[in-house]
Amino acid sequence: MMENISALVHIKNHISYHLDQIIEEAVIMKNSLGEKDYCLLCELSNIRERFDEIQSSASFFYLKAYIAEFTKNYIEIAKALQNLSNRRHGALIIVERLDSTGSKIHGGIQINADLSSRLIESIFYPGNPLHDGALLISGDVIHSAANVLPLTTQHFGSEKIGTRHRAAIGLSDQTDALILVVSEETGKMSFALEGTLYPISSSNTNLQ
């Protein structure tokens, strides 16, 4: 409990700092409008990066809260996620919560092994027959791999959303499961919950 309170205070301070910076930069922008050498687009880009940092920090805290209640080995998941991201090995990981996902997924290969970062990483190693599809974690057990998930029917306009991300959002639309995604193209991490995708900052995946 005290650990979560401490983490919450840290996140609040981090967000408060970036919001203060955004306010200062916004004032400078307002006062500099019309100046010949002032790059408004550059400053808007900086502010957008700060908002992204705030969202990532908040996502990290809530991710920990969502996972810790349902698996004691959430740190193993975090380790695997970071290592997969560093190597740009695509991954799709279901962390089952209160709802059973059995009726929503299919085609999986049973594993029923203790949850560990090494096993997760080996499953998603390119060339492994099980690396395509989603890994299902329930409690402290990896139940199955290569599961096929329902794709979301949401429309994202011109934004490009990959198949893994569409599958993560699709399952989170239909169950309370939390689904983690690592992009094969960029290595970026995110998680889907209740039909929404949230980014995870690579500097914030130490869940200890």
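Can you name the strands (runs of 3 or more DSSP E) wholly within the stretch 100-158 that have at least 2 residues being crowded, with 21+ Cβ neighbours inside 10 Å and either in contact (Cβ under 8 Å) with a residue 12 or more places away in the chain or not assigned by TED's automatic domain parsing to the domain that holds Asn83 (or both)?
In the stretch 100-158, the matching strands (runs of 3 or more DSSP E) lie at 134-138, 141-147.
For the stretch 38-46, state whether one or more residues are buried (at least 18 other Cβ atoms within 10 Å of the Cβ), at pLDDT below 95 and charged (D, E, K, R).
no
Among the candidates Glu43, Glu35, single out the residue that is not in a helix (DSSP H, G or I) and not assigned by TED's automatic domain parsing to the domain that holds Pro199.
Glu35
Working only within the stretch 13-34, note down all residues that are polar (S, T, N, Q), surrounded by 13 or more Cβ atoms within 10 Å (Cβ to Cβ) and over 14 Å from Ile47 (Cα atoms).
Across the stretch 13-34, the qualifying residue is only Ser32.
The values are calculated or read from the model by the stated rules, or taken from the named source; none is laboratory data. Keep in mind that this is a model prediction, so the values were computed, not measured. Every residue, glycine among them, receives a Cβ derived from its backbone with ideal geometry; neighbour counts consider all protein chains shown.
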